[in-house]
Each structure stands twice: as structure tokens, then as C-alpha cells.
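Structure, as C-alpha cells:
The values are calculated or read from the model by the stated rules, or taken from the named source; none is laboratory data. It should be emphasised that the depicted structure is a prediction, and the values quoted were computed from it without experimental measurement. Counting neighbours? That spans all protein chains shown, and the Cβs are built from the backbone with ideal geometry, glycine included. The accessibility values were calculated without ligands, DNA or RNA, using every heavy atom of the protein model including side chains. Shrake-Rupley method; radii C 1.70, N 1.55, O 1.52, S 1.80 Å.
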Amino acid sequence: MRAALARWAVVGAGFFIFGNLYAPQPLLPELERGWNAAAGAAGPGMSAPMLGLVLGSLLWPRTGLRSGAMLALGALGVALFGVLGAWAGDPALWAALRLGQGLAAAAVPGASFALLPRLFGSRAAAAAGWLVAANTVGGALGRAGAGVLAEGLGPAGALVGLALPLGFLAWALGPLAGGFERREVALDVRAAPLLLLAAGLLFANLFVANLMPYRLEAAGYGLAALGAFYLAYLGGTAGALAAGALAGRLGPLATGAAALAAAALGTALLAPWPLAGFALLLAGLFGLHALGGAAAGRLGAGTSGAYVSAYYLGGALAGLAYPLFLPRPFGWAQGFVGALLLVTALLLAPALAPARDRDG
């Protein structure tokens, strides 16, 4: 019974972990008021877990822990730092605890993927798809759930409530056997444009996502409505699936151009129709991410790992950049994202061409 539970806990861990990492997003203005801090003071706390994910992915495989122990400790760490962070009295302490949350979360993705062949056998590839979907849907529902819970429990109560299921998951994951080792792999020298592309994608994603609660709160959105707004991330999931399907028919460059056009249109629509614009922007960005991840995988394990690290480093920079745009009209942020998309357009062909050439 517990062994069967552990199989699905591996998939569910990503759902709840990424839900917890992104849950504070709709609560940013409310958290800053609770600290008596200026708007944007929470920015480093939104950067910290992304940096923690990068650093932790280098550290956890070197511990020599069983996969089950690694997963259980990661889940407990995310829960513990999340609960402590919910009661942090100032943004600096919150950022430090959020760094711990990201370091703990980094235990989960690599060990989870490594366990899939043993847990699911011939269905391992399908299980990998479920795991990725759980991560992205968990992030969307974590944001939405935080807004709804905060209406009744306040921001601290909401963040604590979302952390509690991780304790049960840690209990379910603990017995899993098997090791997870980091292998030293070479990085393909042709990957530089692809790594820049990766960094820009999560930067643009989280830059806008961090700005939106301030803009929407000023427009009269309550906490529950702010959380529900982030269900737009489901549009990103749809965009990734569509890009994967279209790439086989149109090729990666044509599909990437279509995704880029969707992101540009979404950026233009952010001011008049925020929900539609954000969903379309995310569909394009996640579509590009799917293409970039596939290209990195074709260039080998070294490039794939570097791609993921560059992606999260871009997200870390977004938390530091968005506060600079809070005092300015929203058009400045739209123009900045438009400029990023123009750079992305210049990177698209050199980023995807090496993988295409390898495919022949």
C-alpha cells in the first residue's frame, strides 16, 4: 500500500513544491504592507528560491543519500522554510528563508526523474509527462489557492496551509530505495544562444507575473481574485503542449516564430485585457521553453542541465528587476518585455539550429 502511494507521491511532490514556491506571488503587496515595507521590497524573496534551485541542484546529488531520503528531506525543507517564512517579520529574513526553500526544493526534480523507470517501468515516459504537468499546474493552483486562503486566513495562514500537505508526502516518499548520482558531463560549446534564450524566457515570465498583483490590486482586485488571475498559467501548459505537437509538423523554427508572435501579442494586450494578455504571453513563453528544452536534450545531458540552470537564473534576476518598474507607467514594463522578445527573436535560429542539424 505504502509502496503504491510512494509511486504517486513522486509525481505529487512537484505539484505541491512548485505550488509553495510560487504561492506568494498574488500576495506580494499584502506581504509588504504587513512588513511596513516599500512596494517591491519582496523582490529579493521572489528571486531567492530560483537561485536556491540552481545551487541545490549542484549540492544534493553529492550527498550520497537514497532517493527516498533526498525527496523526503526536500519536501520537509520546503514545508519548514515555507512555514517559517510565513511568519517572517521583514523582507530580508523572508528572502533568506525563501533561499532555504529553493535549496530544499532542488532535491526533488532530479531524484524524481531518476526514479521513474523503476517505479513506472514501460510507462516511465508518460510518467515524466505527468510529472512536468504536475509541476506547472501545481504552480498555477498554488498561486490561486494562496489568494483564496488569504481572504479568510491572511497571507501567513494561507502559506502555512499550503505547506502542510508536504509533511504527508515526505512520509510517503521516505521508504523509496535507490541512489541518485550526479555524473560529470561536458557542455556542448554551441549551446550559448540556447542558454541565453532559457534565461530570457523565465525572466520575462516572472518579471510580468511579479508586476501584475500591484497593477491588479490598484484596479480593485481582492486577494481571491488576484490568486485566480494566475490560473492563466494553465495557458502556458497548453502552449507547451501545442508547441510540442506543432514542432513535428512545422519544424522548431517555424513553431518558435509562432510562439514568439503569441507572446508579443499577449504583451500588447496586458494593459487592456490583463487576463487574456497574460495567458497568451505565457502560452508563447512556455511554447518556446518546450522547444528550447527539447533542443537542449538533443545536445546532451550537460547542455540539458545547463539549460535548466540558466532558466532558473533568469527567474532569479526577474525578482530583482521588477521593483524598478513599479513607480513607472505600465507601458514601460510592456516596452521592456517587447525588447526582450526582440532579443529572443534574434536568438531563436542560432539556439535551435544545432539541435536541428544533429537530427539531420
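So here's what we get for this one:
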{"read-out": "Sequence of Leu59, Leu53 when ordered by accessible area, the most exposed leading, probe 1.4 angstrom", "value": "Leu59, Leu53"}
{"read-out": "Kyte-Doolittle mean at least 1.0 and Cα axial length at least 15 Å: DSSP H helices in the chain", "value": "2-22, 43-59, 67-86, 107-120, 124-163, 192-218, 252-269, 274-298"}
{"read-out": "Quotient of C-alpha Rg and 2.2 N^0.38 Å, computed over the stretch 14-107", "value": "1.09"}
{"read-out": "Of all accessible heavy-atom area on the chain, the percent that carbon and sulfur account for (1.4 Å)", "value": "71 percent"}
{"read-out": "Relative contact order (%) - criterion: Cα under 8 Å, at least six apart; region: the stretch 177-315", "value": "41 percent"}
{"read-out": "Within a Gaussian network of the chain (alpha carbon springs, distance under 10 Å), most fluctuating of Pro193, Pro91, Pro327", "value": "Pro327"}
{"read-out": "Choice from Gly220, Gly43, Gly85 with maximal GNM fluctuation in the chain (Cα, 10 Å cutoff)", "value": "Gly220"}
{"read-out": "Three-way shape label, the stretch 263-305, alpha-carbon gyration tensor, a/c 1.5", "value": "prolate"}
{"read-out": "Solvent-accessible area per residue, Å², over the stretch 254-322 with all protein chains present [probe radius 1.4 Å]", "value": "31 Å²"}
{"read-out": "Per residue accessible area in Å² of the stretch 1-80, where ligands, DNA and RNA are left out and the probe is 1.4 Å", "value": "37 Å²"}
{"read-out": "Size of charge dipole - the stretch 1-105 - debye, nearest 20, with Cβ of Lys, Arg +1 and Asp, Glu -1, no other charges", "value": "500 debye"}
{"read-out": "Nearest-10 value in Å² for the accessible area of Arg7, using the 1.4 Å probe", "value": "80 Å²"}
{"read-out": "Most fluctuating residue given options Ala192, Ala106, Ala316, as computed from a GNM of the chain linking Cα atoms under 10 Å", "value": "Ala192"}
{"read-out": "Kirkwood Rh and Cα Rg combined as Rg over Rh, evaluated for the chain", "value": "0.95"}
{"read-out": "Relative contact order of the chain, pairs being alpha-carbon contacts under 8 Å that are 6 or more residues apart, as %", "value": "25 percent"}
{"read-out": "Projected-area mean, the stretch 271-360, by convex hull of Cα positions, square nanometres", "value": "6.6 nm²"}
